[in-house]
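Here's the structure, in C-alpha cells; my notes come after.
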Amino acid sequence: MASSWRETRDKASRRWFYALFFLLPLTAVFGHRGVAPWLLLASLPAFARGDFWQGAFGKLFDNPSLSDPRFASFVALLFLCFWIFLSAFWSPKHQYDLFLYVLAPALVGGSIVWFSLNLSRIWAWRLGRAFLLAIAGGMIILAFEGVTDGFLRRALPPYENNSGRDIIALGRGVTALAPSLFPAAAIAVRLWSRKAALFVLALGVAAAVSNDVLANVAALSAGFVAVVIALPAPRTALRLTGWGAIALLLAAPFMAAMIPVDAIYARAQASMAPDALAAASSSLHRLAIWHATGLESLSCLPAGCGADYARIWNDTAPLVEVPGAAPALSVIPIHPHNVFLQIWLELGLPGVAATALFLYFCLAALLRAQLSKAVSAAAAGAFVAIIVSILVEGSLWQVWRLAAMALAASGVALAHSLEKR
C-alpha cells in the first residue's frame with residue numbers, strides 16, 4: 001500500500017514538474033514577476049513529503065550547531081528577517097510584512113534545493129533535462145522577442161500602448177533567467193556535450209544583447225569571467241567570488257560617497273554627442289543615486305533608516321540635472337538600484353552584519369559540498385551574475401529577483417545531483 005502511494009505521488013510530482021518547466025519560459029517572457037509564484041508551485045512536491053521535514057529541518061534542528069555552515073547561514077537569514085521586521089517600527093512607511101519578501105523566497109527556494117539534492121538517478125536525469133530545456137527555451141523566445149521588438153507580447157493580449165514598457169519587461173525576463181544559464185550549461189555538459197553547453201550560453205548572450213539591457217550584458221559577461229577562472233581553480237574561484245561580494249557589501253557606502261558625480265557629468269557633457277548622452281542618461285543617473293544613497297546611509301547609522309525608507313525619501317529628495325535627460329530627476333527613485341546600498345540605508349549595521357554572515361556561511365557550505373569543476377564553475381558564474389545585477393539595478397523588496405536567485409540555486413543543486421549519480 002505504501003509503495004503504491006509513493007509511486008502515485010512520484011508520478012504526479014513528475015508530471016507537475018514537467019508542466020511547470022514548460023511554463024517557465026512563458027513566465028519569463030510574459031510576466032517576469034511570475035517567477036516567484038512559479039517557485040512556490042515548484043516547492044509543493046517537497047513540502048508534501050514527510051522526508052523533507054525530517055531530512056531538511058530535522059538535520060538542521062536535531063543537533064543545531066554554528067559549526068554547520070547550513071545551520072549558521074539559516075540563523076543569519078532569520079536574524080536578517082527579524083531585523084527587517086524590527087526596522088519597520090522606525091521606518092516612515094511602517095510596513096511590517098517586508099521581512100516575508102526575503103524569508104518566503106529563501107524557504108521556498110531552500111525546499112527545492114533540498115529536493116534537487118535528494119533525487120534518485122532517474123529523477124535527477126529527468127528534472128535536469130527539464131531544467132535545461134526550460135532555460136534554453138526561455139532564452140530562445142526572449143531572443144526572438146528582442147529581435148522582433150516584442151512580437152509575441154504585441155500580438156497577444158493584454159495590449160500595451162507603450163512598447164517601451166514591453167521591451168523593459170522582456171529585459172527583466174532575461175534578468176530572471178540569466179543566473180540559471182550557468183547551471184543549465186553544467187547540466188548540458190553532463191547530459192550531452194561541451195558544445196551543447198556553449199550553445200546554451202550563446203542563447204543567453206543573444207537574449208541579453210537583443211533585449212538591450214546593459215545590466216544583463218554586464219552580469220553575463222562577469223559570470224563568464226568567473227566560469228573561466230573556476231574551471232582550472234574551482235575552490236579558489238568560489239573563495240574569490242564569496243569574499244569579493246562580502247568586501248563590496250562592507251565598502252558599498254564609502255565607495256558610493258566618493259563618486260565624483262559633478263566631474264563625471266561635466267566630462268560627459270563636454271565629450272559626448274547629444275544622442276550618446278541621451279542613451280547614457282540612465283547610467284549617469286545611477287551615479288547620482290548611488291552617491292546620494294551612500295551619504296544618506298552613513299547618516300542613518302547605526303540602525304538604518306528603516307525598511308523601505310527609500311520609497312518615502314523619494315518624496316523629499318533633491319533633484320539633479322542629469323546630462324541627456326530633459327527634466328531634472330530625483331537623486332533617489334523608489335529604491336537605490338543597488339541592494340548592498342539599500343541594506344546599509346534601510347537596515348544599518350545589523351542588516352549589513354547579518355547579510356555578510358549569510359554570504360560567508362553560504363560560501364563555507366559550498367566549499368564543504370565538494371562540488372565538481374563544472375558545478376563549481378556554474379555556481380561561481382551564477383553567483384557573480386547575481387551580484388553584478390543587484391549592484392546596478394536590484395532592490396531587496398523585489399520578490400521575483402530573489403526567486404530568480406533561488407531558481408539558479410536549484411539549478412546548481414540539480415547539476416550537483418547529476419554528478420553524484
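The values are calculated or read from the model by the stated rules, or taken from the named source; none is laboratory data. None of these values were measured; they are calculated from a predicted model. A quick note on method: Cβ atoms are made from the backbone with ideal geometry, for glycine too, and the neighbour counts reach across all protein chains shown. Please note that ligands, DNA and RNA were not included when accessible areas were found on the heavy atoms of the full protein model with its side chains. Shrake-Rupley method; radii C 1.70, N 1.55, O 1.52, S 1.80 Å.
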Selection over segment 279-301 where residues are farther than 16 Å from Val339 by Cα and open to solvent by 50 Å² or more (accessible area, probe 1.4 Å) yields a count of 5
From the option list Val339, Val331, single residue qualifying as touching a Pro at 6+ places or on another chain (Cβ under 7 Å) and without any contact (Cβ under 8 Å) to a residue 60 or more places away in the chain is Val331
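Could you list, in sequence order, all residues of segment 81-132 that are of a type in the set (Ser, Thr, Tyr), open to solvent by 30 Å² or more (accessible area, probe 1.4 Å) and out of contact with any Lys or Arg (no Cβ under 8 Å at 6 or more places or on another chain)?
Residues of segment 81-132 of a type in the set (Ser, Thr, Tyr): 87, 91, 96, 101, 111, 116, 120.
With the extra rule that they be open to solvent by 30 Å² or more (accessible area, probe 1.4 Å), the set shrinks to 96, 101, 120.
Of everything in segment 81-132, those that are of a type in the set (Ser, Thr, Tyr), open to solvent by 30 Å² or more (accessible area, probe 1.4 Å) and out of contact with any Lys or Arg (no Cβ under 8 Å at 6 or more places or on another chain) turn out to be Tyr96, Tyr101.
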Taking segment 301-347 and the residues there that are among the charged types (D, E, K, R) and in a loop (DSSP other than H, G, I, E, B), the one that is nearest to the chain's Cα centre (by Cα) would be Asp308
_Residues that are small (Gly, Ala, Ser) and more than 29 Å from the chain's Cα centre (by Cα): does segment 277-292 have at least one?_
no
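Yes/no matrix, rows are residues, columns are (1) in contact (Cβ under 8 Å) with a residue 60 or more places away in the chain; (2) of a type in the set (A, V, I, L, M, F, W, C):
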position	(1), (2)
Ser111	yes, no
Phe115	yes, yes
Ala124	yes, yes
Ala134	yes, yes
Ala143	yes, yes
Gly146	yes, no
Asp149	no, no
Arg154	no, no
Pro157	no, no
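Considering Ala379, Ala356, Ala385, Ala365, which residue is more than 21 Å from His291 (Cβ to Cβ), touching an Asp or Glu at 6+ places or on another chain (Cβ under 9 Å) and in contact (Cβ under 8 Å) with a residue 40 or more places away in the chain? Before you say what the answer is, go through the steps one by one.
Numbers: Ala379 fails: touching an Asp or Glu at 6+ places or on another chain (Cβ under 9 Å); Ala356 fails: touching an Asp or Glu at 6+ places or on another chain (Cβ under 9 Å); Ala385 fails: touching an Asp or Glu at 6+ places or on another chain (Cβ under 9 Å).
Of Ala379, Ala356, Ala385, Ala365, the one residue that is more than 21 Å from His291 (Cβ to Cβ), touching an Asp or Glu at 6+ places or on another chain (Cβ under 9 Å) and in contact (Cβ under 8 Å) with a residue 40 or more places away in the chain is Ala365.
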Filtering segment 265-275 down to residues that are in a helix (DSSP H, G or I) and open to solvent by 60 Å² or more (accessible area, probe 1.4 Å) yields Arg267, Gln269, Ala270, Ser271, Pro274, Asp275
Apart from one, (1) of a type in the set (Val, Ile, Thr); (2) more than 21 Å from Thr241 (Cβ to Cβ); (3) open to solvent by less than 30 Å² (accessible area, probe 1.4 Å) all hold for Val339; the odd one out is (2)
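What residue, among those in segment 372-397 that are part of a loop (DSSP other than H, G, I, E, B) and open to solvent by less than 30 Å² (accessible area, probe 1.4 Å), is nearest to Leu77 (Cα to Cα)? Write out each step before concluding.
Start the filter on segment 372-397 by keeping residues that are part of a loop (DSSP other than H, G, I, E, B), which leaves 372, 393-397.
Now restrict to residues that are open to solvent by less than 30 Å² (accessible area, probe 1.4 Å): 393-397.
Working: Glu393: 22, Gly394: 19, Ser395: 17, Leu396: 13, Trp397: 15 Å.
So, considering only residues that are part of a loop (DSSP other than H, G, I, E, B) and open to solvent by less than 30 Å² (accessible area, probe 1.4 Å), the one nearest to Leu77 (Cα to Cα) is Leu396.
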Flagged pairs (Cβ under 6 angstrom, 6 or more apart or on separate chains; first in segment 409-420, at negative phi; second open to solvent by 20 Å² or more (accessible area, probe 1.4 Å) and of a type in the set (S, T, N, Q)) are Glu419/Ser372
Checklist entry - Among the residues of segment 316-328, is any crowded, with 19+ Cβ neighbours inside 10 Å and either modelled with pLDDT of 95 or more or in contact with a Lys or Arg (Cβ under 9 Å, 6 or more places away or on another chain) (or both)? => result no
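Quick check: is even one residue across segment 176-197 of a type in the set (Phe, Trp, Tyr) and open to solvent by less than 60 Å² (accessible area, probe 1.4 Å)? Break it down stepwise before answering.
Quick first cut of segment 176-197, residues of a type in the set (Phe, Trp, Tyr) only: 182, 192.
Imposing the further condition that a residue be open to solvent by less than 60 Å² (accessible area, probe 1.4 Å) reduces the set to 182.
Taking every residue of segment 176-197 in turn, at least one turns out to be of a type in the set (Phe, Trp, Tyr) and open to solvent by less than 60 Å² (accessible area, probe 1.4 Å).
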